[in-house]
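The values are calculated or read from the model by the stated rules, or taken from the named source; none is laboratory data. Predicted model, so just to flag it, every value in this text is computed and none were measured. Using ideal geometry, Cβ is built from the backbone for each residue, glycine included, and neighbour counts are taken over all protein chains shown.
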C-alpha cells in the first residue's frame with residue numbers, strides 16, 4: 001500500500017523567521033513530504049514497525065494506515081475511581097484480564113489494585129498494552145511506542161507485548177523513535193523514515209541473556225520484599241537464592257525443607273518489575289528447583305520433590321505449560337468455614353480492616369485467594 005504524506009502550514013516572514021532562513025540557508029519550513037510503501041494488504045504479518053527520528057513523519061504515516069481505526073491513545077478512557085483490574089475489559093473474564101496484565105510483564109499484583117493515574121510511567125505503559133490484548137483488538141496503531149519509559153522496561157515490555165500479541169490473529173503497527181526495541185519486538189516488517197527503506201523477513205531476533213543463580217544468606221530479601229504480593233514472615237530454615245543478569249540482581253526465591261513430605265518447599269519468588277515479561281521467572285524457578293536435587297541441598301537424599309504454591313494467575317498458567325511441573329492442588333476458596341468465622345471475628349475484635357470486614361462472617365477462608373499447588377519430581381528436574 002502506497003502512503004503519501006503531504007503536510008503544509010503557513011509561510012512566515014517575520015524578522016526572526018527571515019533571519020533563521022538566512023543563517024541556515026533554509027528556504028521554507030512550510031512543507032513536509034514523505035512516501036512509504038507498506039505491506040498492509042498482505043495477510044501474513046502480525047506486527048509492523050515504523051521507526052525513525054522525531055519529526056520524520058511517523059505519526060502522519062500512522063494516521064494514513066487505517067483511517068477508520070485511528071491511533072490508539074493509551075491514556076484515554078481510564079476511570080479515576082476504579083483499579084486497572086476493573087477498568088480493563090470490564091465486561092470480560094477475570095482470568096483474561098489478569099492473564100493480559102501478566103503477559104505484558106505487569107506482574108506486580110498491588111499495581112492491579114491502583115487506578116491508572118496512580119501508576120508509574122512504566123506501569124501505565126504496560127497497563128495500556130494489557131488493555132489492548134484483553135479487548136481483543138484486530139487492528140491497532142500505537143504511537144510513541146516505549147517513548148516515555150526506562151529503556152530496560154521498554155525493551156522487555158516490547159518483547160512481552162510482541163509475544164502475547166502474536167498468539168492472536170490481529171495486526172499491530174508500532175510507531176517509535178527507538179531502534180533498540182526492534183530485536184525484542186521481532187517485527188514482520190520495518191519501515192525506517194530516516195532512510196525511506198522497508199525491510200521484511202526474520203531479520204530481528206530477541207537478545208539472549210545469561211541468568212546466573214547464587215545461593216545467598218537472605219540479605220537480598222529486603223530489596224525484593226516490596227515487590228512480593230504477600231506480606232509474610234521469613235520461611236523457617238530457608239536457603240535464599242538470587243538470580244543475576246550482567247551483575248544485576250533480578251529475581252529472588254527461598255527454599256525451605258518440608259521433610260514430612262520428603263521434599264522442599266519453594267516460596268518468596270519475586271522478579272523485579274523491569275524484568276517481568278522477559279522469561280526470567282520460569283527459568284529461575286526451574287534452576288533453583290533443579291539445585292534441590294543436587295548436593296547443593298543438604299537434604300538431597302531425602303528430597304523426592306519440590307513443591308511450589310502460588311495464587312498468581314500468570315505464573316499458574318506458565319507452570320501448567322511446563323512439562324516439568326504437575327499440578328497437585330487447587331483451592332479456589334477457603335475450605336474451613338468454622339476457622340474462617342473465628343478468624344474474621346478475631347480480626348473484628350482487634351479492629352483490623354473494619355471497612356473490609358463489615359458484614360463478613362465466614363466463607364472463602366476469609367479471603368478470595370485461589371492458591372494452587374505444583375510439584376516437580378526428581379525424575380523431571382533435568
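Summary of values
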quantity: Residue within the range 99-112 that is exposed (fewer than 10 other Cβ atoms within 10 Å of the Cβ) and closer than 24 Å to residue 139 by Cα present; calculated: no
quantity: Any hit, the range 114-133, residues being assigned to a strand (DSSP E or B), closer than 16 Å to residue 176 by Cα and touching a residue at least 40 places away in the same chain (Cβ under 8 Å); calculated: no
quantity: Flag if residue 34 is surrounded by 16 or more Cβ atoms within 10 Å (Cβ to Cβ) and either more than 21 Å from residue 187 (Cα to Cα) or modelled with pLDDT under 90 (or both); calculated: yes
quantity: Of all residues making up the range 166-179, the number that are at pLDDT below 95 and outside any loop (DSSP other than H, G, I, E, B); calculated: 0
quantity: Matching residues in the range 185-230 - criterion: being in contact with a helix residue (DSSP H, G or I) (Cβ under 7 Å, 6 or more places away or on another chain), modelled with pLDDT under 95 and not in a loop (DSSP other than H, G, I, E, B); calculated: 227
quantity: Number of positions in the range 32-60 that are within 27 Å of the chain's Cα centre (by Cα) and under 18 Å from residue 71 (Cβ atoms); calculated: 9
quantity: Test: residue in the range 149-157 that is in contact (Cβ under 8 Å) with a residue 24 or more places away in the chain, assigned by TED's automatic domain parsing to the domain that holds residue 56, in contact with a strand residue (DSSP E or B) (Cβ under 7 Å, 6 or more places away or on another chain) and surrounded by 15 or more Cβ atoms within 10 Å (Cβ to Cβ); calculated: no
quantity: Residue selected from the range 235-251 under the condition more than 19 Å from residue 152 (Cα to Cα) and touching a helix residue (DSSP H, G or I) at 6+ places or on another chain (Cβ under 7 Å), by the criterion surrounded by the fewest Cβ atoms within 10 Å (Cβ to Cβ); calculated: 240
quantity: Selection count where residues are out of contact with any strand residue (DSSP E or B) (no Cβ under 8 Å at 6 or more places or on another chain) and surrounded by fewer than 20 Cβ atoms within 10 Å (Cβ to Cβ), scope the range 253-274; calculated: 2
quantity: Residue in the range 179-191 that is without any contact (Cβ under 8 Å) to a residue 60 or more places away in the chain and over 30 Å from residue 1 (Cα atoms) present; calculated: no
quantity: Set 10, 14: member being over 33 Å from the mean Cα position of the chain (by Cα), exposed (fewer than 11 other Cβ atoms within 10 Å of the Cβ) and at pLDDT 90 or above; calculated: 14
quantity: Flag if residue 89 is in contact (Cβ under 8 Å) with a residue 12 or more places away in the chain, in the same structural domain as residue 110 (by TED's automatic domain parsing) and on the phi > 0 side of the Ramachandran plot; calculated: yes
quantity: Qualifying position, being touching a residue at least 60 places away in the same chain (Cβ under 8 Å) and surrounded by fewer than 21 Cβ atoms within 10 Å (Cβ to Cβ), among 141, 71; calculated: 71
quantity: Residue in the range 60-69 that is in contact with a helix residue (DSSP H, G or I) (Cβ under 8 Å, 6 or more places away or on another chain) and more than 22 Å from residue 155 (Cβ to Cβ) present; calculated: no
